[in-house]
Amino acid sequence: MPHETIADLLLARAGDDHVGLRTRERSWTWDEVVRESAARASWAWSLRTEGPFHIGVLLDNVPEFIFWLGGAALSGATVVGINPTRRGAQLEQEVRHADCGLLVTDRAGLALLDGLDPGVDRDRILVVDEPGYAQRAAAYGADPVRDPAVTADTRMLLLFTSGTTGASKAAICSQGRLTALARSNCAKYDIGRDAVCYCPMPLFHGNALMMLWAPALAAGATIALTPKFSASGFLSDVKHFGATFFTYVGKAIGYVLATPEQADDGDNRLTHAFGTEASPEDQAAFLRRFGCRLIEGYGSSEGGGMLKQAPGGPVGALGVPARDSVRIVHPETREQCPPAVLDEHGRVQNPEEAIGEIIDTEGAARFEGYYKNDAANAERVRHGWYWTGDLGYVDESGWFYFAGRSGDWIRVDGENTSALLTERILRRHPAIVAAGVFGVPDPRSGDQVMAAVEIPEGTCFEDLRLPEFLSRQEDLGTKGAPRFVRVSHALPSTGSNKLRKKEMQLQGWRTEDPVYRWAGRGEPDYVPMTDEDKTALRGEFLANGRARFLP
């Protein structure tokens, strides 16, 4: 019978002597991984109390994270991945919201919890690097079995969203959905028995779990684990493990490409990788330098499989609909958007008509919801449809394109301009590691474009020669050039390396980072924005009765 649960996939690896997990320090066969998981399952059962069977895991990418994922699958528990970059009240709130009855962490995580009330008693916090932990785990060793109550509907994960556009929500993922993703992603991303899947992205995030851990488990491939993503250590890890595949999110690719190029960069076994937010220029540079093809996809912790890859697609296209129910509609009218008219640079010439929200008219049944968040559930499911909250458009040949998150279109002088396009253009600059673009209010009407750029230490804004660079970009529309530019050596980002655009938008130009403002008319010329300039700009808002729009 086909495997329907993660527990099924795991038990199918019992007795398998193929290497299933590797770190820099040691390796485990799949059989050993299964037995370690079975011990955690027994341990979890011995500590179970009334209430949700939720196990919070506050760890970096260490073997214990893998073992507790397996233990949860076998015991029917739910793993709540806790982001170790969270601090204070936000960390406390997420643990409490998830109703964790047990918490697995290390001494570093314990220090983060010091002074907080996560709702978990100290005697129910297991610290993996304290003396005696390994002996306690070994004491629960037994032949691998699954709880007979585990089914495809058993909740496997609570995945906190990145929170780049608002408060984080805990997306539910069942064992059945994760198993289906494991099988489909094996085929989609060509993950076979001989693959070595390098995991630099955090295991508390859906990218690493859905696109790497679960498919590797289904295929019986090898998972190569590193505690945290490191741009400087990326290629060393890839070569050490003999990695053939990895996943990425956010600005990780930009950080890797910003490392000094070496003559032997291509001397590795990488063939391809899957992720999001790598520009076409990044994809080309990565292939040239490392011989590795970056496959851009579309998905989320809440749902996946809406689009499928197809050969011969245009540059920048995400794919074609996986089923007829996936389409792009106007949010207000719910009418399907007509195809986009594209100019020679690929810019949408009819954005008012063509750009809408990506939806699935049959997706409501597939959406498993957010934990204890009825308002967010209602936002995702309306009129019986599943609404992604993402914008997109389709060309005349049926190819889908991502147009940004809701709010990524900026109204400038009565025209819509794409924040995503301006971001991609800025990322072409060899000295810009990451870029976020968003709208900030204009003191008279509408919005203006603001960019936040991250540049390496030792580089200053003047080194970018940004006006000259922008003037050479033929696909940059007249409204797309940023009027404000925030410059930083470390922009605020999530634990999965996504920029916190909502946070930066709320700050606007009132940030402690240096901000440069477009001066004069015609060709862009950027000058430093002083405290006096910010005060004067605030005065313009007050004079025009728009104080309520101030960032």
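The values are calculated or read from the model by the stated rules, or taken from the named source; none is laboratory data. Remember, it's a predicted structure, so these values are computed and weren't measured experimentally. Ideal geometry is used to build each Cβ from the backbone, glycine not excepted, and the neighbour counts take in all protein chains shown.
Would you be able to tell me the number of residues in segment 304-314 that are closer than 16 Å to GLU396 by Cβ and either assigned by TED's automatic domain parsing to the domain that holds ARG380 or at pLDDT below 85 (or both)? The total comes to 3.
Note on segment 46-85: residues that are touching a Phe, Trp or Tyr at 6+ places or on another chain (Cβ under 8 Å) and at positive phi total 1.
If you check ARG334 against the conditions, is it charged (D, E, K, R) and either touching a helix residue (DSSP H, G or I) at 6+ places or on another chain (Cβ under 8 Å) or outside the structural domain of ARG382 (by TED's automatic domain parsing) (or both)? Spelling it out, it is not the case that ARG334 is charged (D, E, K, R) and either touching a helix residue (DSSP H, G or I) at 6+ places or on another chain (Cβ under 8 Å) or outside the structural domain of ARG382 (by TED's automatic domain parsing) (or both). The residue that is nearest to GLU462 (Cα to Cα), among those in segment 519-529 that are crowded, with 18+ Cβ neighbours inside 10 Å and at pLDDT 90 or above, is TYR526.
Listed by first and then second residue, the pairs linking a residue in segment 174-201 that is outside the structural domain of GLY76 (by TED's automatic domain parsing) and small (Gly, Ala, Ser) to a residue that is assigned to a loop (DSSP other than H, G, I, E, B) and modelled with pLDDT of 95 or more, with Cβ atoms under 8 Å apart and 6 or more places separating them unless they lie on different chains, form an empty list. For segment 114-147, how many residues meet the condition of being among the charged types (D, E, K, R) and either loosely packed, with under 10 Cβ neighbours inside 10 Å or more than 30 Å from ASP8 (Cβ to Cβ) (or both)? Of the residues in that region, 8 qualify.
Take GLY404 and decide whether it is at pLDDT below 95 and over 28 Å from PHE286 (Cβ atoms). Here the answer is no, as GLY404 does not meet what is asked.
To keep it simple, each residue is scored yes or no on (1) closer than 23 Å to SER184 by Cβ; (2) crowded, with 18+ Cβ neighbours inside 10 Å; (3) not aliphatic (A, V, I, L, M).
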{"position": "SER325", "(1), (2), (3)": "yes, no, yes"}
{"position": "ILE358", "(1), (2), (3)": "yes, yes, no"}
{"position": "GLY369", "(1), (2), (3)": "yes, no, yes"}
{"position": "TYR386", "(1), (2), (3)": "yes, yes, yes"}
{"position": "PHE400", "(1), (2), (3)": "yes, yes, yes"}
{"position": "ILE410", "(1), (2), (3)": "no, yes, no"}
{"position": "GLU415", "(1), (2), (3)": "no, no, yes"}
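Among the residues of segment 495-551 satisfying the criterion of being within 27 Å of TRP409 (Cβ to Cβ) and of a type in the set (S, T, N, Q), which is nearest to the chain's Cα centre (by Cα)? Here the answer is SER496. Between a first residue in segment 68-89 that is free of Cβ contacts under 8 Å to residues at least 24 places away in the same chain and a second residue that is of a type in the set (A, V, I, L, M, F, W, C) and assigned to a helix (DSSP H, G or I), which pairs have beta carbons less than 6 Å apart while being 6 or more apart in sequence or on different chains? Every condition considered, no pair remains.
This table checks each residue for (1) crowded, with 16+ Cβ neighbours inside 10 Å; (2) assigned to a helix (DSSP H, G or I).
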position	(1), (2)
PRO260	no, no
ALA263	no, no
ASN268	yes, no
ALA273	yes, no
GLU277	yes, no
ALA285	yes, yes
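Selection over segment 437-481 of residues that are small (Gly, Ala, Ser) and either at pLDDT 95 or above or out of contact with any helix residue (DSSP H, G or I) (no Cβ under 9 Å at 6 or more places or on another chain) (or both) gives a count of 6. Each residue in segment 184-238 was checked for being among the aliphatic types (A, V, I, L, M) and in a helix (DSSP H, G or I), and 14 of them qualify. Close contacts from segment 469-491, counting a first residue that is in the same structural domain as MET529 (by TED's automatic domain parsing) and in contact (Cβ under 8 Å) with a residue 40 or more places away in the chain and a second that is of a type in the set (Phe, Trp, Tyr) and in a loop (DSSP other than H, G, I, E, B), with Cβ to Cβ under 8 Å and a gap of 6+ residues or different chains, come to PHE484/TRP509.
Can you list the helices (runs of 4 or more DSSP H) lying wholly within segment 12-108 that have 2 or more residues being under 17 Å from ALA134 (Cβ atoms)? Talk me through it step by step, then tell me what you get.
Details: elements: 30-46, 63-75, 88-97.
Because the criterion is at least 2 residues that are under 17 Å from ALA134 (Cβ atoms), the helices (runs of 4 or more DSSP H) in segment 12-108 that meet it are 30-46, 63-75.
When the test is whether a residue is of a type in the set (D, E, K, R), free of Cβ contacts under 8 Å to residues at least 24 places away in the same chain and within 22 Å of GLY313 (Cα to Cα), GLU396 does not pass it.
For (1) within 30 Å of GLY81 (Cα to Cα); (2) at pLDDT 85 or above, each residue gets a yes or a no:
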{"residue": "SER493", "(1), (2)": "yes, yes"}
{"residue": "ASP531", "(1), (2)": "no, yes"}
{"residue": "ALA536", "(1), (2)": "no, yes"}
{"residue": "ARG546", "(1), (2)": "no, no"}
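Considering ARG22, ARG40, ARG48, the condition of being more than 16 Å from LEU225 (Cβ to Cβ), among the charged types (D, E, K, R) and surrounded by 20 or more Cβ atoms within 10 Å (Cβ to Cβ) is satisfied by ARG40 alone. Looking across segment 177-197, just one residue is hydroxyl-bearing (Ser, Thr, Tyr) and modelled with pLDDT of 95 or more, and that is THR179.
Go through the residues of segment 454-465 one by one and say whether even a single one is in contact with a Lys or Arg (Cβ under 7 Å, 6 or more places away or on another chain) and either touching a residue at least 40 places away in the same chain (Cβ under 8 Å) or in the same structural domain as PRO280 (by TED's automatic domain parsing) (or both).
No, segment 454-465 contains no residue that is in contact with a Lys or Arg (Cβ under 7 Å, 6 or more places away or on another chain) and either touching a residue at least 40 places away in the same chain (Cβ under 8 Å) or in the same structural domain as PRO280 (by TED's automatic domain parsing) (or both).
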